[in-house]
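Down below is the structure, laid out as structure tokens.
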Amino acid sequence: MRGRTRVDRPRIIGSITERMLLHSIAYEVLIRMRDLHPELDIDVEALEHIKLGFLREPCNNLLGYCSYSSKSRSRPRTEYEDRHGINRILISRVHMISDLPDAIFTIHHEFLHAILGSKEGHGPKFQEHEKRITSLQESIQRKLISMKR
Ligand SMILES: [Zn+2]
């Protein structure tokens, strides 16, 4: 008897280069967050401490995932976790490599979940803010490519 197959799949840590790209995308998105959403009260200092990683592979149709911290824990596991309420954000490594503009879109999408909370989900407020990243995708992509040498 076998358990659920997903348990058999290894965690994807990625290479240093891949992890640098993931964190660079997140950084470039995060530093623009307040200007992009001036009406939201965004705790950038706390969001900077969110754990980032890659989804297990194959990811199927999942491009990203934002998991909320469990409320039952008496103390936070990571610094400022109580301020952003997030366990971690994971994205598809394969998709990040093959489609950089969409990886930028996905990271922004997951940060928005962290900012707007689980109750909002993909509601009207979320959708209104989600599309704003499209104005920045190209400039962030250019910045990331210039960093690669
Ligand atoms: Zn979502």
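Taking amide H as placed 1.01 Å from N in the peptide plane, E48 has no amide H partner under 5 Å among residues 5 or more places away or on another chain.
Were the residues from K131 through I13 laid out at 0.36 nm apart, the gain over their Cα-Cα distance would be 39.6 nm. Taking 7 Å steps out from each Cα toward its Cβ at D82 and H49 produces label points 1.0 nm apart.
Taken over the C-alpha atoms, the chain has Rg and Dmax values of 15.7, 54 angstrom. With the cut-off at 31 Å, tell me which of the pairs K51/K119; K71/K125; K125/K148; K51/K125; K71/K148 have Cα atoms farther apart than that. As for pairs spanning more than 31 Å Cα to Cα, those are K125/K148; K71/K148. Comparing mean-square fluctuations of G121, G53, G85 from a GNM of the chain with C-alpha springs under 10 Å, the top value falls on G121. Working note: Karplus 6.51/-1.76/1.60 with θ = phi - 60° gives segment 46-63 the couplings 6, 4, 4, 9, 5, 6, 10, x, 10, 6, 5, 10, x, 8, 6, 8, 7, 9 Hz, where Gly and Pro are set to x.
FYI, it's all coordinate maths here, none of it is from the lab. Given the structure is predicted, the values throughout are model-derived calculations rather than measurements. Glycine also receives a Cβ, built like all others from the backbone with ideal geometry; neighbour counts cover every protein chain displayed.
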